[in-house]
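Throughout, read-outs are computed from the coordinates displayed, never taken from laboratory work. All of these numbers come straight from a predicted model, not from anything done at the bench. FYI the Cβ positions are ideal-geometry reconstructions off the backbone, even for glycines, and counts take in every protein chain you see.
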Amino acid sequence: MNGRQPTNTNLPEIARIDRHISGHYLELAAMVSIEETQGCLNFQLRRTSRVLGRYYDNALRPLGLRITQFNLLAVLAQTGPIPITALADLVAMERSALARNLKPMEHRKLVTVTPGKDKRTRTVALAVAGTRKLEEALPEWNQAQKQLLRKIEPDRASGLVQALAKIRTALGKVS
């Protein structure tokens, strides 16, 4: 700044703190090798989820849908009108994240969101345009699904679905 070396009267204290921090990292590294964290189920599932999301998004892009939107349309086609909180629980999504996903779908008139039985609840339902969009998207999704199943073998996919269900059950989210 002014060409002079900074003066710090606490250099011994800084060196002691640095040794303490470095020692802490060494202790941490001795407890768990960083390579072991690569087997973290959360990391592996999220990493795979991002890859899968891009795969299905690419398949549905010509229809103007993302896989999260497609999945919500498919769930709504099966449940009928449902309170937003119940839908959030069903798809294991934070209520605020679900609301963010539903907003563009509501603007495109794919879903309707109406007041529920009391002022605190809202109900979401598949709109006529949403039914048409789902019918249009199903063949594209089905083609992407079959192509992926061929790549990973149907038995492995079935085992994966069972393993994921077991994880949800173990963590208290059934279905």
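Points worth noting:
- Leu160 sits among other residues whose Cβ lies under 11 Å from its own Cβ, and their net charge, with Lys and Arg +1 and Asp and Glu -1, is 0.
- Applying a DSSP loop filter and a limit of 13 other Cβ atoms within 10 Å to the GluC sites (Glu not before Pro) in the range 81-175 leaves Glu94.
- Separation of the range 148-164 and the range 69-83, taken as the distance between their Cα centroids, equals 24 angstrom.
- For the range 28-144, projected area of the alpha-carbon convex hull averaged over all directions, nm²: 9.7
- Two-site FRET efficiency, Glu36 against Ala125, from Cβ-Cβ distance with R₀ of 45 Å, rounded to 0.05: 0.45
- Residue-count net charge about Trp141 - beta-carbon cut-off 13 Å; Lys, Arg +1, Asp, Glu -1: 0
- Calculated FRET value between Arg54 and Arg156, using beta carbons and R₀ = 25 Å, to 0.05: 0.80
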